[in-house]
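*Asks:* Here it is, the structure in full.
Every read-out reported here was derived from the displayed coordinates using simple, explicitly stated rules and does not represent laboratory data. Given the structure is predicted, the values throughout are model-derived calculations rather than measurements. Positions of Cβ are generated from backbone atoms using ideal geometry, with glycine treated the same way; all protein chains shown enter the neighbour counts.
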Ligand SMILES: [Fe+2]
């Protein structure tokens with residue numbers, strides 16, 4: 001841990017920084033899973049999905065930045081490289097060979113849901129460890145992820161009714 005005058009006890013800051021590092025790996029992984037969808041999607045809803053997946057990428061990259069900077073503010077050292085993310089991500093692997101819009105909406109909604117579940121658990125942990133600032137940041141991220149999940153699933157559900 002790096003020195004800081006932040007008065008959250010060091011033991012709590014260590015736990016939160018480790019948590020944020022784990023989530024940073026997931027967040028970086030999720031961002032490029034959205035790009036994978038953005039780049040490869042094809043089909044009748046190409047334009048909407050191509051744009052939506054890029055919107056998810058941009059939003060999630062912003063979350064990665066906020067998560068990493070929060071960890072550093074607490075005295076942590078982040079592992080922010082793509083290799084570290086690949087090694088440490090807890091998310092399921094994104095299928096590399098799919099192209100259809102429905103398949104991408106299904107795959108990206110799966111990973112958004114998995115990520116959202118992890119973030120929700122972390123909100124409770126940060127609160128229990130006496131760091132409401134991190135809990136607040138994670139709450140904001142959780143709300144954003146719920147919104148992206150809704151937007152991706154809406155495409156899926158519309159197609160399923162036909
Ligand atoms: Fe693009």
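*Asks:* Assuming 0.36 nm per residue, please report the length gained on full extension of the stretch residue 124 to residue 48 beyond their Cα-Cα distance. Don't skip to the end; give the middle numbers.
*Replies:* Working: separation 76, 0.36 × 76 = 27.36 nm, distance 3.50 nm.
Here the answer is 23.9 nm.
*Asks:* Continuing with this model, one more query. How much length, in nm to one decimal, is gained on full extension between residue 82 and residue 99, taken as 0.36 nm per residue of separation minus their Cα-Cα distance? Intermediate results must be reported in sequence, preceding the final value.
*Replies:* Details: separation 17, 0.36 × 17 = 6.12 nm, distance 2.39 nm.
Result: 3.7 nm gained on full extension.
*Asks:* Starting with the fewest neighbours, write out 99, 139 ranked by other beta-carbon atoms found within 10 Å of each beta-carbon.
*Replies:* So the residues, fewest neighbours to most, are 99, 139.
*Asks:* For residue 69 and residue 39 in one chain, what is 0.36 nm times their gap in residues minus the Cα-Cα distance, to one decimal in nm? List each step's numbers first, then the result.
*Replies:* Values: separation 30, 0.36 × 30 = 10.80 nm, distance 2.83 nm.
Here the answer is 8.0 nm.
*Asks:* Also, quick follow-up: Ranking 81, 27 by Cβ neighbours within 10 Å, fewest first, what do you get?
*Replies:* Values: 81 11, 27 27.
The order, fewest Cβ neighbours first, is 81, 27.
*Asks:* Let me ask something else. In vacuum, with every alpha carbon of the range 1-107 counted as one equal point scatterer, what does the Debye formula give for log10 I(q)/I(0) at q = 0.20, 0.23 Å⁻¹? Two decimals, please.
*Replies:* For the range 1-107, the Cα-only Debye profile gives -0.94, -1.11.
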